[in-house]
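Novice: The structure under discussion is supplied below as structure tokens; questions concerning it will follow.
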Amino acid sequence: MDSFTIIGLAAGFCTTLAFLPQALKTWRSKSAKDLSLGMYLIFCTGVALWLTYGILISDLPIIITNVVTLILALSILYFKLTFKD
């Protein structure tokens, strides 16, 4: 694995991991009232586009990190849409 790939994976790991505390907090509290629906809709769309881009250019760091980020962001979006505050 070359240094560019390692840097890409490390960057993706950090930015992806940043969503874990929010997903856990929202799931545990069963409340998403303070989260912006618009922000998460736009963000999930952007991450899905990054994932598509990563697949098209066969870039492993982009693919892996955006799959995990999309799962976490979609879980938060799901909580926002299903938890009634």
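The values are calculated or read from the model by the stated rules, or taken from the named source; none is laboratory data. None of the values given here were measured: they were computed from a predicted structure. Ideal geometry is used to build each Cβ from the backbone, glycine not excepted, and the neighbour counts take in all protein chains shown.
Novice: Would you call ALA23 more than 21 Å from LYS84 (Cα to Cα) and within 15 Å of the chain's Cα centre (by Cα)?
Specialist: So ALA23 fails the test.
Novice: Report whether or not ALA32 is surrounded by 15 or more Cβ atoms within 10 Å (Cβ to Cβ), closer than 25 Å to LYS84 by Cα and at pLDDT below 95.
Specialist: Details: surrounded by 15 or more Cβ atoms within 10 Å (Cβ to Cβ): yes; closer than 25 Å to LYS84 by Cα: yes; at pLDDT below 95: yes.
Here the answer is yes, as ALA32 does meet what is asked.
Novice: Exactly one of these conditions fails for VAL68: (1) within 15 Å of LEU81 (Cα to Cα); (2) within 14 Å of the chain's Cα centre (by Cα); (3) in contact (Cβ under 8 Å) with a residue 40 or more places away in the chain. Give me its number.
Specialist: Only one criterion in (1) within 15 Å of LEU81 (Cα to Cα); (2) within 14 Å of the chain's Cα centre (by Cα); (3) in contact (Cβ under 8 Å) with a residue 40 or more places away in the chain is unmet by VAL68, namely (1).
Novice: Which ones in the range 48-66 are modelled with pLDDT of 95 or more and of a type in the set (Val, Ile, Thr)?
Specialist: Matches in the range 48-66: THR52, ILE55, ILE57.
Novice: Could I ask something else about it? Could you check, for the range 17-26, whether at least one of its residues is in a helix (DSSP H, G or I), of a type in the set (S, T, N, Q) and in contact (Cβ under 8 Å) with a residue 24 or more places away in the chain?
Specialist: Checking the range 17-26: at least one residue is in a helix (DSSP H, G or I), of a type in the set (S, T, N, Q) and in contact (Cβ under 8 Å) with a residue 24 or more places away in the chain.
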